[in-house]
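Below is one structure, written out as structure tokens, with a few remarks after it.
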Amino acid sequence: MRAENENDRSMLGKTENDPPMLGKTENDRPMLGKPFGLEEGTCYLVRGKQAETSYLLFQAIVEQGTPGLCITTMYPEKVRSRYSLASVPVWWISFVPGDRHYAPNAIGILAKVIEGFVDENPAGCVVLLDGVESIMNNIGFDKDMLFVEHMNEYVMSRKAIILFTVDPECFKLSEFARLERSLKSIDEPQLRQTLDNPEHYPRTGIR
């Protein structure tokens with residue numbers, strides 16, 4: 001995993017004028033025609049303490065025309081307002097009853113929601129899941145890991161990207177190592193640097 005991360009970092013800012021390609025290697029399959037060179041059919045682990053960076057990446061991809069689905073532990077209206085996602089479906093991971101509100105232990109329902117959205121957008125889509133830690137706290141790491149691995153396998157043959165935003169400090173070292181082995185890792189500080197660089201990404205609505 002270490003070698004892969006180092007390779008990913010070496011691609012960031014490859015030349016002075018080229019946009020960075022997160023997670024790209026010479027053997028990768030064709031990329032989405034969007035910023036950052038994210039690979040179709042891939043689940044990414046956006047590791048870091050600043051979950052906001054994942055939302056900014058999600059917003060940037062959606063602004064370029066890719067259909068998006070956001071599943072979050074934050075109140076949906078705050079997410080829509082803060083990241084200009086008025087037309088994006090936002091599902092709330094919460095025990096509070098309501099439409100598009102789903103308990104963090106209802107992983108079967110969440111899996112079906114993601115699968116349905118991916119199947120409805122065969123030309124490509126992006127899903128942001130900010131809630132891996134909340135799910136783990138309610139069902140345990142092993143079941144949480146089965147959910148993550150299932151979603152990873154589900155998108156492999158489809159033109160979809162899933163972004164799992166994760167704070168490593170919420171996991172035991174052995175648990176986080178399992179996550180890193182299953183998913184393609186993006187380092188949050190490097191990602192934020194990319195998003196904040198107007199030469200690499202002409203920001204359209206990012207705040």
Pairs returned, first residue in the stretch 100-114 that is farther than 20 Å from residue 140 by Cβ, second residue that is charged (D, E, K, R), beta-carbon separation under 9 angstrom, 6 or more apart or interchain, are 113/100
message = I'd like to know if the stretch 183-192 contains one or more residues that are closer than 19 Å to residue 107 by Cα and part of a helix (DSSP H, G or I).
response = no
(request) Please indicate, with yes or no, whether at least one residue in the stretch 187-207 is of a type outside the set (S, T, N, Q), at pLDDT 80 or above, within 16 Å of residue 132 (Cβ to Cβ) and in contact with a helix residue (DSSP H, G or I) (Cβ under 8 Å, 6 or more places away or on another chain). (result) no
Of the residues in the stretch 153-186 that are among the polar types (S, T, N, Q) and under 23 Å from residue 56 (Cβ atoms), the one that is modelled with the lowest pLDDT is 185
Output for Cβ contacts, cut-off 6 Å, separation at least six or different chains, first residue aliphatic (A, V, I, L, M) in the stretch 70-97, second part of a loop (DSSP other than H, G, I, E, B), reads 93/73; 93/104; 93/131
Those helices (runs of 4 or more DSSP H) completely within the stretch 72-173 that have 1 or more residues that are touching a helix residue (DSSP H, G or I) at 6+ places or on another chain (Cβ under 9 Å), open to solvent by less than 40 Å² (accessible area, probe 1.4 Å) and aromatic (Phe, Trp, Tyr) are 141-155
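The values are calculated or read from the model by the stated rules, or taken from the named source; none is laboratory data. These figures come from a predicted structure and were not determined experimentally. Glycine also receives a Cβ, built like all others from the backbone with ideal geometry; neighbour counts cover every protein chain displayed. What goes into the accessible areas is simple: the full protein's heavy atoms, side chains included, and nothing from ligands, DNA or RNA. Shrake-Rupley method; radii C 1.70, N 1.55, O 1.52, S 1.80 Å.
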